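Data block below; observations after.
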Amino acid sequence: MARALFLLALLLGTLTAAKPDTRTTVTPAVKVAPASEELKVKEEAAARKRLLQKKTRLEAELAQIDRRLNDETVWQKIYANHMAYLKLAERLRGVEAKIRRYKRLGSRRYRTKISELENEKAQLGERLELLKDYAQNPFKTLIKPKEIEKVPTVTNPVAIISAFSYMKQLGEQLSRFENEIAELERFIQMLENKAEILKALEKIDPKDAKRTLLLKNTLRELDEAQEGLDLHKTALVVYKKRVDEIKLRLTSQIKEQAKKAGGIGVSILGLLLFMLLFKWLVKRTVVDNERFYMANKIINFTFVFIVLMILLFAYIENVTYLVTVLGFASAGIAIAMKDWFMSMMGWLVIMLGGSIHVGDRIRVDKDGKLYVGDVLDISLLRITLLEDITLTTYKHNRRAGRVIFIPNNYIFTDMIANYTHATLKTVWDGIDFTITFDSNHKKAAHIAKETAKKYAKGYTDITRKQLNKLRAKYSLKNTNVEPRIYTFIEDNGIRVSVWYLTNAYATLTLRSTISTEILDLIKEEDDIRLAYPSQHIYLDRAREKFCLPPEAEGLEGAVRL
């Protein structure tokens, strides 16, 4: 019993202690309502602040993208022109519709209105004409790969250079096309970023009609740009395949021509080595310089001719066509290049006839002018002559040392004399002097002849041997090579003419020597006097000797030459 009472008391105490706790718990619940409402307001203010900050950030990003679109690319400006064209075209259609409507009404009160609309229509037409290049989607029309021109065909080594240049040009065109497409891709990427920003701003402020319209235009521009990009990517694939195909074909042709040129080069090199070896053998075999020079010319000409034939048949595809064309053109070519052909014919005559050789001394008479010199070279078109100091230069030109070029065709039309033809190396030269009538002309002639014999003896013997060799080729009747003396009665005295053989290359030297010797010997003789312009007084004895007429008595200052 006592135990039950204790338990009951303990239970009542527990219940009594629990009541304050219940009141304490309920009281705070009543005070929470004002705190939660304040917190909600703060949260809404913070959210609005975050939205405002986000909007500000997005607008800043949008402004930055707009700047990049305007500054870094031209597409934005081009598309703006396209949109301007579309707006003008739409406006023009509206004006035209109004004009038709007013004209159907037919009322006079609309005449002024119709005139204003016509003027507006004309202005719009002019503006559209200026923007006609932007009528179509610019993303499709402004990017175009350059048309591939006619692909060259590599048929000779020279064409290899043009082929490499063409392939480089194709590579540059392809690279330019790829860069334009890459630039369009960057522009599209910026447009996508702009569209995302506008969408985000529309969520923040859906009532902004201006931004909504901007988003609509941006999406339209993005669609058109993407459409153009897809088209150009497809064109790029096709263009790449075409360029690769052309490069592959040209590379194959270049390799083929390089191989062919290498084979021809080896052939020409072998021919050159053979020619050099043959020249070496000829040089060792032929002792005479003139013969070696002629053989060297023939070898060089043959080598050049063979090389030209190799190149002709190697790189001219249709030789018969070339021959046909040259056949038809031969008449015109012969007229236009008459002198050239005549010079070539003259060269053949000179080479085959042997009338002139390198080293010969020749004289050329052309239009009254005389040129004497040594032949330096005989080419296909002309003879090269080195003018020397000779009797001709002493009497006529008073110039020497010039290099004179004589066309080969002159041998058909002008006089060309060879002083050293065949084996002859000597020529006849003569000295003339006049003595008075009372001089001992026989002694003067003897002095001149002996002097000539003395100095010309060596050349006389040489000429005798040379003429004996020429008998096998020419008919020689007069082979007298001894000095010859002649005397003639002239108006002013007795002329003595002595002729002798001398070196064809040094006629003036021997002439000067013999002239000096004759002059010295004549001065030693009292009965020989040279005749020259002078004055003599004839006395009676002189008149009787020369049978002067009586009226000559007293004549003073009679002139005798």
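The values are calculated or read from the model by the stated rules, or taken from the named source; none is laboratory data. If you're wondering where the values come from, they're calculated on a predicted model, not measured in any experiment. So basically every Cβ, Gly included, is an ideal-geometry build from the backbone, and we count neighbours across all protein chains shown.
Can you say whether residue 405 is of a type in the set (Phe, Trp, Tyr) and within 30 Å of residue 529 (Cα to Cα), as far as the supplied structure shows?
Criteria not met by residue 405.
Would you be able to say whether some residue in the stretch 150-166 is among the charged types (D, E, K, R), out of contact with any helix residue (DSSP H, G or I) (no Cβ under 7 Å at 6 or more places or on another chain) and either over 30 Å from residue 249 (Cβ atoms) or assigned to a loop (DSSP other than H, G, I, E, B) (or both)? Give the steps one after another, and end with the answer.
Pass one, the stretch 150-166, residues among the charged types (D, E, K, R): 150.
From what's left, out of contact with any helix residue (DSSP H, G or I) (no Cβ under 7 Å at 6 or more places or on another chain): 150.
Those still in the list that are either over 30 Å from residue 249 (Cβ atoms) or assigned to a loop (DSSP other than H, G, I, E, B) (or both) too: 150.
Yes, that holds for at least one residue.
What tally of residues in the stretch 100-143 results from selecting those that are under 28 Å from residue 75 (Cβ atoms) and among the aliphatic types (A, V, I, L, M)?
7
Being touching a helix residue (DSSP H, G or I) at 6+ places or on another chain (Cβ under 7 Å), assigned to a strand (DSSP E or B) and touching a residue at least 24 places away in the same chain (Cβ under 8 Å) narrows it down to one residue among 376, 370, 380; which is it?
Numbers: 376 fails: touching a helix residue (DSSP H, G or I) at 6+ places or on another chain (Cβ under 7 Å); 380 fails: assigned to a strand (DSSP E or B).
Every option except 370 fails the conditions.
Of the residues 389, 356, which single one is over 27 Å from residue 470 (Cβ atoms) and assigned to a loop (DSSP other than H, G, I, E, B)?
Working: 356 fails: over 27 Å from residue 470 (Cβ atoms).
Of the residues listed, the single one that is over 27 Å from residue 470 (Cβ atoms) and assigned to a loop (DSSP other than H, G, I, E, B) is 389.
Given the residues 117, 88, which is the only one that is touching a helix residue (DSSP H, G or I) at 6+ places or on another chain (Cβ under 8 Å), part of a helix (DSSP H, G or I) and within 28 Å of residue 222 (Cα to Cα)?
Step by step, each of 117, 88 is checked, and only 88 is touching a helix residue (DSSP H, G or I) at 6+ places or on another chain (Cβ under 8 Å), part of a helix (DSSP H, G or I) and within 28 Å of residue 222 (Cα to Cα).
So that you can scan it fast, the table gives a plain yes or no per residue for (1) under 30 Å from residue 157 (Cβ atoms); (2) surrounded by 15 or more Cβ atoms within 10 Å (Cβ to Cβ):
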site: 213; (1), (2): no, no
site: 224; (1), (2): no, yes
site: 262; (1), (2): yes, no
site: 265; (1), (2): yes, no
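One line per residue, one yes/no per condition, for (1) among the aliphatic types (A, V, I, L, M); (2) surrounded by fewer than 20 Cβ atoms within 10 Å (Cβ to Cβ); (3) within 14 Å of residue 446 (Cα to Cα):
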{"residue": "492", "(1), (2), (3)": "no, yes, no"}
{"residue": "499", "(1), (2), (3)": "no, yes, yes"}
{"residue": "503", "(1), (2), (3)": "no, yes, no"}
{"residue": "517", "(1), (2), (3)": "no, yes, yes"}
{"residue": "521", "(1), (2), (3)": "yes, yes, yes"}
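What residue, of 64, 76, is polar (S, T, N, Q) and in contact (Cβ under 8 Å) with a residue 60 or more places away in the chain? So that I can check it myself, show each step before the final result.
Numbers: 64 fails: in contact (Cβ under 8 Å) with a residue 60 or more places away in the chain.
Within the list 64, 76, the selection yields 76.
Restricting to the stretch 356-394, and then to whatever is of a type in the set (Asp, Glu) and closer than 18 Å to residue 297 by Cβ, can you tell me which residue is modelled with the highest pLDDT?
The qualifying residue modelled with the highest pLDDT is 374.
Got a number for residues in the stretch 185-211 being outside any helix (DSSP H, G or I) and in contact (Cβ under 8 Å) with a residue 40 or more places away in the chain?
Number of matching residues: 1.
Can you tell which of 126, 172 is assigned to a helix (DSSP H, G or I), loosely packed, with under 12 Cβ neighbours inside 10 Å, under 41 Å from the mean Cα position of the chain (by Cα) and modelled with pLDDT of 85 or more?
Checking each option against the conditions leaves just 172.
Of the residues 38, 61, which single one is surrounded by 12 or more Cβ atoms within 10 Å (Cβ to Cβ) and assigned to a helix (DSSP H, G or I)?
61
Within the stretch 334-364, how many residues are more than 14 Å from residue 383 (Cβ to Cβ) and among the charged types (D, E, K, R)?
Count: 2.
Quickly run through the stretch 58-95 and pick out the residues that are among the charged types (D, E, K, R) and more than 16 Å from residue 194 (Cβ to Cβ).
If the condition is that a residue be among the charged types (D, E, K, R) and more than 16 Å from residue 194 (Cβ to Cβ), then 87, 90, 91, 93 are the ones that fit.
For the stretch 469-561, which strands (runs of 3 or more DSSP E) that fit wholly inside it have 1 or more residues that are at pLDDT 90 or above and under 30 Å from residue 459 (Cα atoms)?
Qualifying strands (runs of 3 or more DSSP E): 484-490, 493-503.
Among the residues of the stretch 64-114 satisfying the criterion of being surrounded by 12 or more Cβ atoms within 10 Å (Cβ to Cβ), under 60 Å from the mean Cα position of the chain (by Cα) and over 25 Å from residue 130 (Cβ atoms), which is modelled with the highest pLDDT?
64
Quick one: which residue in 462, 435, 362 is aliphatic (A, V, I, L, M), more than 42 Å from the chain's Cα centre (by Cα) and either surrounded by 19 or more Cβ atoms within 10 Å (Cβ to Cβ) or more than 24 Å from residue 479 (Cβ to Cβ) (or both)?
Numbers: 462 fails: either surrounded by 19 or more Cβ atoms within 10 Å (Cβ to Cβ) or more than 24 Å from residue 479 (Cβ to Cβ) (or both); 362 fails: more than 42 Å from the chain's Cα centre (by Cα).
Only one candidate passes the filter, namely 435.
Any idea which of 423, 392 is polar (S, T, N, Q) and exposed (fewer than 15 other Cβ atoms within 10 Å of the Cβ)?
Of 423, 392, the one residue that is polar (S, T, N, Q) and exposed (fewer than 15 other Cβ atoms within 10 Å of the Cβ) is 423.
Here is a yes/no grid of residues against (1) under 27 Å from residue 393 (Cβ atoms); (2) among the aromatic types (Phe, Trp, Tyr); (3) in contact with a helix residue (DSSP H, G or I) (Cβ under 8 Å, 6 or more places away or on another chain):
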{"residue": "424", "(1), (2), (3)": "yes, no, yes"}
{"residue": "467", "(1), (2), (3)": "no, no, no"}
{"residue": "476", "(1), (2), (3)": "no, no, yes"}
{"residue": "502", "(1), (2), (3)": "yes, no, yes"}
{"residue": "505", "(1), (2), (3)": "yes, yes, no"}
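Given the residues 247, 216, which is the only one that is charged (D, E, K, R) and under 13 Å from residue 164 (Cα atoms)? If you could, list the steps in order and put the result at the bottom.
Values: 216 fails: under 13 Å from residue 164 (Cα atoms).
Matching residue, one of 247, 216: 247.
Matching residues to (1) modelled with pLDDT of 85 or more; (2) of a type in the set (Phe, Trp, Tyr); (3) at negative phi:
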site	(1), (2), (3)
336	no, no, yes
346	yes, no, yes
354	no, no, no
396	no, no, yes
410	yes, yes, yes
418	yes, no, yes
423	no, no, yes
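Conditions tested, residue by residue: (1) more than 41 Å from the chain's Cα centre (by Cα); (2) in a helix (DSSP H, G or I); (3) closer than 26 Å to residue 379 by Cα; (4) modelled with pLDDT under 90.
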position	(1), (2), (3), (4)
213	yes, yes, no, yes
216	yes, yes, no, yes
229	yes, yes, no, yes
245	no, yes, no, no
257	no, yes, no, yes
265	no, yes, no, yes
290	no, yes, yes, yes
293	no, yes, yes, yes
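Just to check your reading of the model, which residue among 311, 271 is touching a residue at least 24 places away in the same chain (Cβ under 8 Å), under 30 Å from residue 149 (Cβ atoms) and in a helix (DSSP H, G or I)?
Being touching a residue at least 24 places away in the same chain (Cβ under 8 Å), under 30 Å from residue 149 (Cβ atoms) and in a helix (DSSP H, G or I) holds for just one of 311, 271, which is 311.
Suppose we filter the stretch 442-454 for residues that are crowded, with 18+ Cβ neighbours inside 10 Å and either touching a residue at least 60 places away in the same chain (Cβ under 8 Å) or in a loop (DSSP other than H, G, I, E, B) (or both); how many remain?
Matching residues across the stretch 442-454 total 5.
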